[in-house]
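Student: My structure is below; once you've seen it, I'll send some questions.
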Amino acid sequence: MSYQSYKDLDIYQIAQKLAIEIHHLSMELPKYELYEQGSQIRRSSKSIVANIVEGFGRRRYKKEFIQFLTYVLASCDETKEHIELLYKTGSFKDEILYNYFIQKYSELGRKVSNFIKAVVKAHNKYDLSTGIRNHESGI
């Protein structure tokens, strides 16, 4: 796992694209939802991106990296719940877009789960802060 920047991560690229799409979608909600659910869904979708970035910055520390990636999974679920509530309450009526976002956030969640597994495996193999195999470093 050799990434130069968080921008190289597939999960970051997907999350950022979706957050931008959610932002635009939320601005088209009815006025009574714009500042309540609209604000909530914007924050949860942007939180996914922010936690990927912050976690990547702590990637040398396995527990912290995984903790932030776990926050990403939670924010994915939260965003899906906001989408579902908006759809079921009739504030968001486009079934095609509803299905698109549910599918994309579900896919993102699976990718993040797989990424967490890869992080665990990489950290078990090497001490990322020193590049030394864990059995040699006493970890």
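Student: How about region 21-51: which of its residues are closer than 19 Å to K93 by Cα and among the hydrophobic types (A, V, I, L, M, F, W, C)?
Tutor: Passing the criteria: I22, L25, M27, L29, L34, I41.
Student: How many of the residues in region 1-22 are part of a helix (DSSP H, G or I) and in contact (Cβ under 8 Å) with a residue 24 or more places away in the chain?
Tutor: Counting residues in region 1-22 that are part of a helix (DSSP H, G or I) and in contact (Cβ under 8 Å) with a residue 24 or more places away in the chain gives 11.
Student: Could you please find all residues in region 89-111 being surrounded by 13 or more Cβ atoms within 10 Å (Cβ to Cβ), more than 19 Å from Y12 (Cβ to Cβ) and not hydrophobic (A, V, I, L, M, F, W, C)?
Tutor: Matches in region 89-111: S91, Y98, Y100.
Student: Mind listing just one residue for me: the one in region 17-68 that is among the hydroxyl-bearing types (S, T, Y) and under 30 Å from H123 (Cβ atoms) and, of those, surrounded by the fewest Cβ atoms within 10 Å (Cβ to Cβ)?
Tutor: Looking at residues that are among the hydroxyl-bearing types (S, T, Y) and under 30 Å from H123 (Cβ atoms), I get Y61.
Student: Need a quick list: helices (runs of 4 or more DSSP H) entirely within region 58-139 having at least 3 residues that are in contact with a Lys or Arg (Cβ under 8 Å, 6 or more places away or on another chain) and modelled with pLDDT of 90 or more.
Tutor: So the answer is 62-88, 95-125.
Student: Name every residue in region 23-43 that is in a helix (DSSP H, G or I) and in contact with a Lys or Arg (Cβ under 9 Å, 6 or more places away or on another chain), in order of residue number.
Tutor: Result: H23, S26.
Student: For F56, indicate whether it is under 16 Å from S26 (Cα atoms) and under 16 Å from the mean Cα position of the chain (by Cα).
Tutor: no
Student: Okay, next question. Quick one: what pairs do we get from region 40-65, first residue without any contact (Cβ under 8 Å) to a residue 40 or more places away in the chain, second of a type in the set (K, R) and in a loop (DSSP other than H, G, I, E, B), C-beta under 9 Å, 6+ apart or different chains?
Tutor: E64/R58
Student: Moving to a separate point now. With the structure loaded, tell me whether Q40 is modelled with pLDDT under 95 and polar (S, T, N, Q) or whether it fails that test.
Tutor: The answer is no for Q40.
Student: Right, here's the next one. What number of residues within region 1-40 satisfy the criterion of being among the aromatic types (F, W, Y) and touching a Phe, Trp or Tyr at 6+ places or on another chain (Cβ under 9 Å)?
Tutor: Result for region 1-40: 3.
The values are calculated or read from the model by the stated rules, or taken from the named source; none is laboratory data. Keep in mind that this is a model prediction, so the values were computed, not measured. We place every Cβ from the backbone using ideal geometry, glycine too, and count neighbours over all the protein chains shown.
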